[in-house]
Amino acid sequence: MFYKIIERERDNWLNSPGCVITELISYIEHQHKMRDAQIESIKTYLYLKIECGNRPLWELFASGKFNSTNVDDLEVNRATREILESNPAALALWEYATIPDENGNINSPKIRDAIKKSPDSIDYVGIIKELFFNVRYPDYLFSIPMGAGKTYLMAALIYLNLYFAIAEPDNPIFAHNFILFVPSGLKSSIVPSLRDIQNFNPLWILPDPAASQLKNIIQYEWLQESSSASKSNIVKNPNARKISFHVAKQNLMGLVAVTNAEKVILDRVDKDFDIDESLLKTLSEEKQKEYLATIQANELREQIGLIPGLCILIDEVHHASEDQKLRKVVNKWMEQSNFNSVLGFSGTPNMDPPARIKITEDLTVKCTQYANVVTFYPLIKGIGNFLKIPVVRHSNLDSTEIISRGLREFFERYADTVYSGGVPAKVAVYAPSIKVLEEEIYPTAYALCAEMGINPTETILKYHKGNSTYRVDEDAQFEFSTLDSPTSMKRIILLVGIGREGWNCKSLTGVILSQRNACPQNMVLQISCRCLREVDNAKCETALIWLNKFNAEKLNQQLQEQQYTTITEFGGKRPEDIISRKRYSRMEKLGLPKIDFYQIRINYN
């Protein structure tokens with residue numbers, strides 16, 4: 001809930017006579033190119049950069065930068081009043097505890113009561129530091145939903161940094177160079193991320209000639225290599241060589257590198273070889289290879305550590321906490337004075353598992369949301385804005401029947417739906433395993449297509465990594481990567497372990513999760529929303545989500561915990577959801593029974 005306090009003070013600054021970015025924000029808003037979620041993030045970022053001096057969040061809160069409570073108005077005892085008046089960190093923690101959440105309830109009554117009861121026994125600064133992961137550098141998280149344009153937001157923040165850095169090259173609050181980490185394990189998302197940043201038009205946020213000048217100084221680098229450039233024993237990591245080429249330049253500014261953190265930056269980060277190179281030949285061939293691979297990985301990290309004024313941007317930043325390797329590497333980089341900041345981006349700002357913060361000897365509280373969220377844009381605000389309007393179905397039927405009903409309704413609704421550019425609507429069915437996909441889901445989809453007079457071979461795409469029994473179709477990866485092309489004939493996409501994050505398929509208009517383990521239990525919300533990306537006009541576009549009971553309950557739970565809404569509100573924006581008689585007759589022709597879908601929609605309040 002710290003973001004609410006930040007946004008309150010940000011708005012006060014934006015409305016003040018001395019705000020230096022009023023004209024800039026006005027220009028951005030009048031271009032009508034950036035979405036409201038992106039503009040809100042830009043406002044917050046510039047506030048933290050310019051007005052707050054790019055300082056760490058814990059320091060800003062502990063120093064009382066955001067405090068606004070009049071202690072005289074509080075009903076507290078004398079000891080508590082004296083602490084709150086004399087200790088800005090205590091008042092900051094009080095405001096954090098008492099700010100109302102989305103439902104109007106105070107954020108943490110336990111912390112408030114502890115401050116009332118034992119004000120002298122609390123380490124206020126220490127608690128605030130712990131809430132912000134004890135990091136000593138600027139670490140800001142922007143929580144905007146999938147489809148809001150995270151990559152374009154990253155590009156905008158890069159251009160804005162450079163705009164101010166060129167004007168004040170010696171001012172350390174502005175970054176000069178940037179590295180973007182795409183989601184862990186998603187090689188296929190590197191190219192789209194780089195392409196999106198390259199395609200961003202700086203005129204959307206800055207007027208000419210500044211926009212054109214900045215576009216000309218940016219240098220893009222794609223760190224994708226995973227092996228040595230030669231077979232010699234001389235360690236030459238090709239990614240490290242790319243970075244060293246840039247670092248050798250004087251006054252380097254405008255470098256934008258894109259990479260996969262897991263495969264390139266974090267490879268072998270836990271390995272520790274302490275050996276004299278003269279003894280290298282005494283090792284086995286396998287140990288020599290392992291040693292050289294470790295040195296190569298270290299070489300890249302060392303080169304990145306030399307980049308001046310570096311801002312690190314992390315997409316799907318929740319992975320940085322799930323795998324502490326990235327946090328460990330970033331912390332080491334940030335120990336150096338030439339580093340600027342870390343910017344994280346995620347549509348799921350909740351910690352899994354939650355963090356436990358000790359307040360007093362008798363009180364430990366559970367924190368479920370990342371404290372460093374500086375902008376939170378609710379998913380529900382994106383629906384009909386830049387996200388398709390979801391139609392949510394739920395049933396207690398078995399997996400095969402859910403898939404059959406889901407596919408039948410998909411074709412009833414979207415058989416003739418073709419988006420701009422001639423791209424037809426598609427539906428994704430997620431499977432818990434390759435065996436289930438091949439032996440249960442595929443035969444069901446194949447039989448249904450045949451029954452409906454649809455060519456199954458042209459319509460169905462199976463995409464998985466393969467195993468000893470079922471090999472990967474040699475064309476599957478190409479078909480998957482071109483689903484948004486008008487040449488793609490695929491309509492039903494069967495997936496195992498793929499298409500969870502970083503899959504930007506706008507023509508995807510349906511998702512079916514028919515089994516308990518069709519996806520990780522903590523990702524039901526993320527995967528259900530994969531079909532919501534706007535294609536042409538979100539106000540006029542819908543998407544179909546079919547779930548079994550277990551996944552529907554998980555979706556509702558995650559909506560409540562992460563988005564402060566329910567599945568009823570999430571799927572309740574349709575005034576036209578009543579099925580007409582004409583559509584009923586078409587459904588009969590397709591073999592779909594006359595059922596009232598209101599009866600099978602889940603109803604949670």
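The values are calculated or read from the model by the stated rules, or taken from the named source; none is laboratory data. Everything numeric in this text was worked out from a predicted model, so none of it was measured. Counting neighbours? That spans all protein chains shown, and the Cβs are built from the backbone with ideal geometry, glycine included. Ligands, DNA and RNA are excluded from the accessible area calculation, which covers all protein heavy atoms including side chains. Shrake-Rupley method; radii C 1.70, N 1.55, O 1.52, S 1.80 Å.
Please find, within the range 478-528, the residue that is modelled with the lowest pLDDT out of those that are charged (D, E, K, R) and closer than 21 Å to Met146 by Cβ. Before the answer, list the steps.
Our first condition is that a residue be charged (D, E, K, R); within the range 478-528, this holds for 479, 484, 490-491, 500-501, 506, 516.
Those still in the list that are closer than 21 Å to Met146 by Cβ too: 484, 500-501, 506.
On the way: Asp484: 94, Arg500: 81, Glu501: 76, Lys506: 94.
Filtering first and then ranking leaves Glu501.
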Checked His319, His246 against criteria (assigned to a helix (DSSP H, G or I), at pLDDT 90 or above and farther than 30 Å from Tyr27 by Cβ); the one match is His246
Selection from the range 406-423 of residues touching a helix residue (DSSP H, G or I) at 6+ places or on another chain (Cβ under 8 Å) and either open to solvent by 20 Å² or more (accessible area, probe 1.4 Å) or under 23 Å from Ile498 (Cβ atoms) (or both) yields Leu407, Arg408
Expected output for the range 124-145 (first residue within 15 Å of Thr364 (Cα to Cα), partner part of a loop (DSSP other than H, G, I, E, B) and not hydroxyl-bearing (Ser, Thr, Tyr), Cβ below 7 Å, 6+ apart or cross-chain) is Tyr124/Asn87; Leu131/Ala371
Gly147 passes all but one of the listed conditions (1) part of a helix (DSSP H, G or I); (2) within 26 Å of Phe386 (Cβ to Cβ); the exception is number (1)
Considering residues that are in contact (Cβ under 8 Å) with a residue 12 or more places away in the chain, assigned to a strand (DSSP E or B), of a type outside the set (Ser, Thr, Tyr) and more than 24 Å from Tyr137 (Cβ to Cβ), the number found within the range 353-392 is 10
Has the range 463-483 got any residue that is touching a helix residue (DSSP H, G or I) at 6+ places or on another chain (Cβ under 9 Å), open to solvent by 70 Å² or more (accessible area, probe 1.4 Å), assigned to a loop (DSSP other than H, G, I, E, B) and among the β-branched types (Val, Ile, Thr)?
-> yes
In the set Ser193, Ser189, Ser143, Ser184, the lone residue that is surrounded by 17 or more Cβ atoms within 10 Å (Cβ to Cβ), modelled with pLDDT of 90 or more and under 15 Å from the mean Cα position of the chain (by Cα) is Ser143
Looking at the range 327-340, is at least one residue part of a loop (DSSP other than H, G, I, E, B) and open to solvent by less than 20 Å² (accessible area, probe 1.4 Å)?
no
Residue count, the range 451-462, condition on the phi < 0 side of the Ramachandran plot and either in contact with a strand residue (DSSP E or B) (Cβ under 6 Å, 6 or more places away or on another chain) or open to solvent by 60 Å² or more (accessible area, probe 1.4 Å) (or both), comes to 8
Restricted to the range 488-511 and to residues being assigned to a loop (DSSP other than H, G, I, E, B) and closer than 22 Å to Asn537 by Cα, the residue most open to solvent (accessible area, probe 1.4 Å) is Lys506
Scanning the range 87-115 residue by residue, those open to solvent by 20 Å² or more (accessible area, probe 1.4 Å), under 23 Å from Asp362 (Cβ atoms) and assigned to a helix (DSSP H, G or I) turn out to be Tyr96, Thr98, Pro109, Lys110, Arg112, Asp113
Being open to solvent by less than 60 Å² (accessible area, probe 1.4 Å) and more than 25 Å from the chain's Cα centre (by Cα) narrows Leu57, Leu74, Leu46 down to just Leu74
